[in-house]
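Visitor: Here you go, one structure.
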Amino acid sequence: MPDSPTGQQRTAAVPKGPARLFTDALRQCGIEINGPNPWDPTIHDERTWNRILAQGTVGLGESYMDGWWDVEALDEFLARAIRGAVDQRLPTLGEIWLAIKARLINMQTRHRSVRVGEVHYDAGDDLYARMLDSRMLYSCGYWRQASDLEAAQTAKIDLVCRKLGLKPGMKVLDIGCGWGGAAAYAAEHYGVSVVGVTISRNQAETARQRCAHLPVEIRYEDYRNVTGRFDRIYSIGMFEHVGARNHRPYLAKVRELLTPDGLTLLHTIGNRVTLRANDPWIEKYIFPNSLIPSRAQIARAAERLFVIEDWHDFGTDYERTLAAWSANVTKAWPDLGGRYDVRFQRMWHFYLMVSIASFRARRSQLWQIVMSPEGVVGEYEAVR
């Protein structure tokens, strides 16, 4: 865990008054302020309480970033709080506004959608190269027979290729291709040609270098502008950025681009309930203009466009993937610290730990969904 940016070490008293609502809610989850367990937080600054009460999850995350509180097992602290729905008991005006804005405004238009690329994916290849596997695959690995991150990510990409039944000569579209690792693997191991699109300039440049020797074309392009026909289409960890207002238009675009006998695979984080707005802290610092979909939202969007052939949930694998990323980046901070200050390091740690917590508490899932335009003739054989 990164050191405090302020160096504060004193312990603040347990609060009285309105802030007791928060501490009492935590106590019901088995969390004791300044308690003896590794998931019990130590409060260094008494202003923490008012900040959390006024700003909700933004106040919780920012006060951690500023070193106002610490906890040894941040992942378990957050998992317990999520299981107890503590965050949902403290709605703020900011959260209410985000929900209203999501209803009134399409936050994932062509213009707005590029912001997540600028804010998150263009953060720097040095950070991602040290945190991720050698292919820089920034999504859940498949750990069924894997013992390390590299093997889990290779297994995940091969699983996608097998579920899609890739054959030499097929033309494949990779929507949200990242740094090109999946496209390169599919071309190398299955003899297909791939078009990959991303809205991150940084990712596009790195992906072009990675795939320069392969039948892979990388474009800095919004998926809505793609034309042509493809035998297979997949997206891995991109659908979370589409937004509820665009779920059906996204799938309609995929249907337009897919051959009548084609298959598409959607690899996405899923929420167990339908949400209208992103978590405010995640919205501000990590994934702006994003929203994790629910099963109901995906099913409604696919209706009359696709037959859902297979729905595979392996969300428990994401906790292990995130833990591997956290271990990698923790080792890397001494080499990267010149560019990323302590506040950024604490922000990144909070992001990885709250993600682990969400999967551990089973609020978040990980789905791979295979769909066909008219239904596979005979039977689609599910691959695991």
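Visitor: Could you list all residues from the range 267-298 that are buried (at least 20 other Cβ atoms within 10 Å of the Cβ), more than 21 Å from residue 61 (Cβ to Cβ) and either within 14 Å of the chain's Cα centre (by Cα) or of a type outside the set (A, V, I, L, M) (or both)?
Guide: If the condition is that a residue be buried (at least 20 other Cβ atoms within 10 Å of the Cβ), more than 21 Å from residue 61 (Cβ to Cβ) and either within 14 Å of the chain's Cα centre (by Cα) or of a type outside the set (A, V, I, L, M) (or both), then 267, 268, 270, 293 are the ones that fit.
Visitor: Now a separate question. Could you please find all residues in the range 314-348 being within 13 Å of residue 76 (Cα to Cα) and crowded, with 19+ Cβ neighbours inside 10 Å? Give the steps one after another, and end with the answer.
Guide: The initial filter retains those residues of the range 314-348 that are within 13 Å of residue 76 (Cα to Cα), namely 319, 323.
Across the range 314-348, the qualifying residue is only 319.
Visitor: From (1) crowded, with 22+ Cβ neighbours inside 10 Å; (2) at pLDDT below 95; (3) not basic (Lys, Arg), pick out the condition that doesn't hold for residue 369.
Guide: Evaluating residue 369 over (1) crowded, with 22+ Cβ neighbours inside 10 Å; (2) at pLDDT below 95; (3) not basic (Lys, Arg) leaves (2) as the failure.
This table checks each residue for (1) among the aromatic types (Phe, Trp, Tyr); (2) under 20 Å from residue 326 (Cβ atoms); (3) modelled with pLDDT under 85.
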position	(1), (2), (3)
26	no, no, no
80	no, yes, no
86	no, no, no
99	no, no, yes
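Visitor: Suppose we keep only residues that are more than 18 Å from residue 361 (Cα to Cα) and free of Cβ contacts under 8 Å to residues at least 40 places away in the same chain within the range 299-323. Which one would you say is farthest from the chain's Cα centre (by Cα)?
Guide: Looking at the filtered set, the residue picked out is 304.
Visitor: Could you please give the count of residues in the range 21-80 that are crowded, with 17+ Cβ neighbours inside 10 Å and among the basic types (Lys, Arg)?
Guide: Within the range 21-80, residues that are crowded, with 17+ Cβ neighbours inside 10 Å and among the basic types (Lys, Arg) number 2.
The rows are residues; the columns are (1) among the aliphatic types (A, V, I, L, M); (2) touching a Cys at 6+ places or on another chain (Cβ under 6 Å); (3) modelled with pLDDT under 95.
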residue: 298; (1), (2), (3): yes, no, no
residue: 308; (1), (2), (3): yes, no, no
residue: 332; (1), (2), (3): yes, no, no
residue: 336; (1), (2), (3): yes, no, yes
residue: 353; (1), (2), (3): yes, no, no
residue: 362; (1), (2), (3): no, no, no
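Visitor: Yes or no: residue 250 within 13 Å of residue 178 (Cα to Cα), at pLDDT 95 or above and touching a helix residue (DSSP H, G or I) at 6+ places or on another chain (Cβ under 9 Å)?
Guide: Criteria not met by residue 250.
Visitor: Here's a follow-up. With the requirement that a residue be β-branched (Val, Ile, Thr) and touching a helix residue (DSSP H, G or I) at 6+ places or on another chain (Cβ under 9 Å), what does the range 256-272 give you?
Guide: Result: 264, 268, 269.
Every residue, every condition in (1) β-branched (Val, Ile, Thr); (2) surrounded by fewer than 22 Cβ atoms within 10 Å (Cβ to Cβ); (3) within 25 Å of the chain's Cα centre (by Cα), yes or no:
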| position | (1), (2), (3) |
| --- | --- |
| 198 | yes, no, yes |
| 208 | no, yes, yes |
| 220 | no, yes, yes |
| 228 | no, yes, no |
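The values are calculated or read from the model by the stated rules, or taken from the named source; none is laboratory data. Being a predicted model, the structure only gives us computed values, none of them experimental. Note: ideal-geometry Cβ built from the backbone for every residue, glycine included; neighbour counts use all protein chains shown.
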